[in-house]
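Step one of this worksheet: look at the structure below.
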């Protein structure tokens, strides 16, 4: 796979991007593939902070020698299936309170760099819990050969813009943002309340204006972060998939899918979303954003077109924490000119040991006397 990573774009036509993945000009007219991974949540049960943090069966399952079977092999399967040009990671790379020695973060960095594919991560609400500290975590990411990551100087840690170019033509940008919300961190650089703060959105606006100036045209954009904004729930209600009487649904099974929408929603995630004031959608549309990709909600993986934006929950990639059993995978975004399509890719790797916690979802869509 041929590509070039440009890390210094000042004074070039790519100004406004912190990084550019430049594909060869002969790729013109061919699909460009972006793989979204999310919520890998690597843990080491031996690093639990209190003896009763997890049960005995979980301790046996989540040993460090099981990193591959519980997560790594799923990622290998997804990369082999999708052959991406870029990997984006929407948070919770590790579960930081089980990574106080940093072994999980080191494992993930080594694994992701081994594919020799550019990869761009943002932090989730559990990453920064590690006692190794955010500066150390950022350093691990920044020293990886193929990692695109910039800590930045606005709220949170990891706010930057990645451009995708074919030859010297920029075809798409992705604004990677820290949605904050790591309440269990003692690091003063961590914003404990989840949110996309005004200085972060101002950064995206400034980057967009520079990109317009450098390219002399509008460039379509994505946003990617961890915790969803409330517009994701608004989209489910607006399309009639979720109602006050019926919150759980599987598109194409319990609800008829519209406009190419797909996925399932098996959790009351809306109370946990980032609240917006009604100006968010007009703001991002003015920035040419037509797709927003998040994680965080392990048992929600809908992709819904609403207000000319595709709102997508990535398919959970690792087996810890709660999840729908055997629904491990990733999300493939295929760029076709200025348009794109989204689909989830199930991992073909065998799942590792499944602690009994996953059985909490048994019979979730079964009601009344039919429940086991």
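Just so it is clear, none of the values below were taken in a lab; they were calculated from the coordinates. No experiment lies behind these values; they were computed from the predicted model shown. Because the Cβ atoms are built from the backbone with ideal geometry, glycine has one as well, and the counts that use them run over all protein chains shown.
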- Message: For the pair residue 183/residue 206, report the inter-label distance in nm, with labels modelled 7 Å from Cα in the Cβ direction.
- Response: 3.2 nm
- Relative contact order, percent, of region 159-281 when contacts are C-alpha pairs under 8 Å separated by at least 6 residues? 22 percent
- Message: Please list, in order, the residues from region 270-311 whose amide nitrogen is less than 17 Å from a point placed 7 Å along the Cα→Cβ vector of residue 230.
- Response: 270-284
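With the contact rule set at Cα under 8 Å and sequence spacing of 6 or more, what percent relative contact order holds for region 4-362?
Values: 821 pairs, mean separation 76.2, N = 359.
Reported as a whole number, the value is 21 percent.
So what's region 4-362 giving for Cα Rg divided by 2.2 N^0.38 Å, two decimals?
Values: Rg = 19.3 Å, N = 359, 2.2 N^0.38 = 20.6 Å.
Expressed relative to 2.2 N^0.38 Å, the Cα Rg reads 0.94.
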- Message: For the chain, set up a GNM with springs between Cα atoms under 10 Å and report which of 322, 269, 14 has the largest fluctuation.
- Response: 322
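Within 10 Å, count the other beta carbons around each residue, average over each peptide in 197-207, 120-130, 68-78, and list them highest first. Present the calculation step by step, with values, prior to reporting the outcome.
Numbers: 197-207: 17.0, 120-130: 26.8, 68-78: 21.9.
Answer by packing, highest mean first, reads 120-130, 68-78, 197-207.
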